[in-house]
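Data first, discussion second: the structure below is written as structure tokens.
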């Protein structure tokens, strides 16, 4: 059964009337998701590839393509413009105009440039492409907003009575203090946007308020300092152990006076080991629904998928992209 948060996200997305590009039309799951997104009026959908092949594949699957726009990068009127844009973005890296043209023929990069240029409001890819390839296209074409230099990810962790944001659990293996600050800022903004709640951000550690001394704790404290300097408006605290962050009685005892302790809903893990293990424990033993990973830190939504995703996963991620755009 679909949870209430996802229903709310889809409802809000349908009202926003955004356009999402799904580059990987060669994947049956993408075509099925495109049909659902269109029929439920969650977003306007563009998919990329050869129209005849896409139509043939859809027919075999029993998928209705009505209302779905198909663009073939190889003969698109935008190919020349996108080639020149990409060449100017990357010429300092030594690429030629021919290299730029070949890159723009690739669905991932063409889709990313559509997002950059506002032809689409967001993109969802990765059902067949690797995370590295998806992020490369996103970073090079969509780019990052001012003040943020870290592309990371978050999960919405949906329990029956509360939704948390866990970050980063999928992208940055060992973030430094500056990266931790970027991750915290991005995660807080996204939590508020998707849940409608005020973000209470906990910088997690094995120490609470000086209970242990270690360079790993120092990194978390430095990240906290940087995040506060960049965004003094955020409600953020650390270093906090997990129980001090989410259990009121423990928070009051271990971190008295903290605005965050005991009420955190955005949990920033110190590294990918902790984040990845943490979200999987919550998912498998805590029986919560984990929505993600959702890419953050780019100017516009350009989201990655697990290659094991379902059509419903693509629908959910595209709904989030539409709402966040």
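The values are calculated or read from the model by the stated rules, or taken from the named source; none is laboratory data. Owing to the predicted nature of the structure, the values given are computational and were not obtained by experimental measurement. Using ideal geometry, Cβ is built from the backbone for each residue, glycine included, and neighbour counts are taken over all protein chains shown.
Filtering the stretch 51-78 to residues that are within 15 Å of residue 117 (Cβ to Cβ) and buried (at least 18 other Cβ atoms within 10 Å of the Cβ) leaves 71, 73. Which members of the stretch 208-217 meet the condition of being in a loop (DSSP other than H, G, I, E, B) and touching a strand residue (DSSP E or B) at 6+ places or on another chain (Cβ under 6 Å)? The answer is 208, and nothing else.
Might you check whether a residue that is farther than 30 Å from residue 227 by Cβ and surrounded by 17 or more Cβ atoms within 10 Å (Cβ to Cβ) occurs anywhere in the stretch 129-151? Within the stretch 129-151, one or more residues are farther than 30 Å from residue 227 by Cβ and surrounded by 17 or more Cβ atoms within 10 Å (Cβ to Cβ).
Please work out if residue 257 is free of Cβ contacts under 8 Å to residues at least 24 places away in the same chain and within 30 Å of residue 35 (Cβ to Cβ). Considered against the rule, which asks whether it is free of Cβ contacts under 8 Å to residues at least 24 places away in the same chain and within 30 Å of residue 35 (Cβ to Cβ), residue 257 comes out as no.
The criterion of at least 2 residues that are over 19 Å from the mean Cα position of the chain (by Cα) and modelled with pLDDT under 95 is met by the following strands (runs of 3 or more DSSP E) wholly inside the stretch 223-318: 235-240. Within the stretch 108-135, being at pLDDT 95 or above, assigned to a helix (DSSP H, G or I) and out of contact with any helix residue (DSSP H, G or I) (no Cβ under 6 Å at 6 or more places or on another chain) holds for 111, 114.
Looking at residue 212, is it in the same structural domain as residue 247 (by TED's automatic domain parsing) and modelled with pLDDT of 95 or more? No. For the structure I just gave you, tell me whether residue 220 is more than 30 Å from residue 112 (Cβ to Cβ) and in a loop (DSSP other than H, G, I, E, B). No: the conditions fail for residue 220.
Screening the candidates 20, 54 for the property of being assigned by TED's automatic domain parsing to the domain that holds residue 110, out of contact with any helix residue (DSSP H, G or I) (no Cβ under 6 Å at 6 or more places or on another chain) and under 24 Å from residue 106 (Cβ atoms) yields one hit, 54.
Among the residues examined, residue 188 does not qualify as within 28 Å of residue 7 (Cβ to Cβ), free of Cβ contacts under 8 Å to residues at least 12 places away in the same chain and either in the same structural domain as residue 256 (by TED's automatic domain parsing) or buried (at least 21 other Cβ atoms within 10 Å of the Cβ) (or both).
For the stretch 248-258, a residue qualifies if it is under 19 Å from residue 198 (Cβ atoms) and surrounded by 17 or more Cβ atoms within 10 Å (Cβ to Cβ), and the qualifying residues are 251, 255, 258.
Applying the condition of being in contact with a helix residue (DSSP H, G or I) (Cβ under 7 Å, 6 or more places away or on another chain) and in a helix (DSSP H, G or I) to the stretch 90-104 and asking which residue is surrounded by the most Cβ atoms within 10 Å (Cβ to Cβ) yields 104. Here the condition is being surrounded by 18 or more Cβ atoms within 10 Å (Cβ to Cβ) and in the same structural domain as residue 196 (by TED's automatic domain parsing); of 285, 267, 305, it holds for 267 alone.
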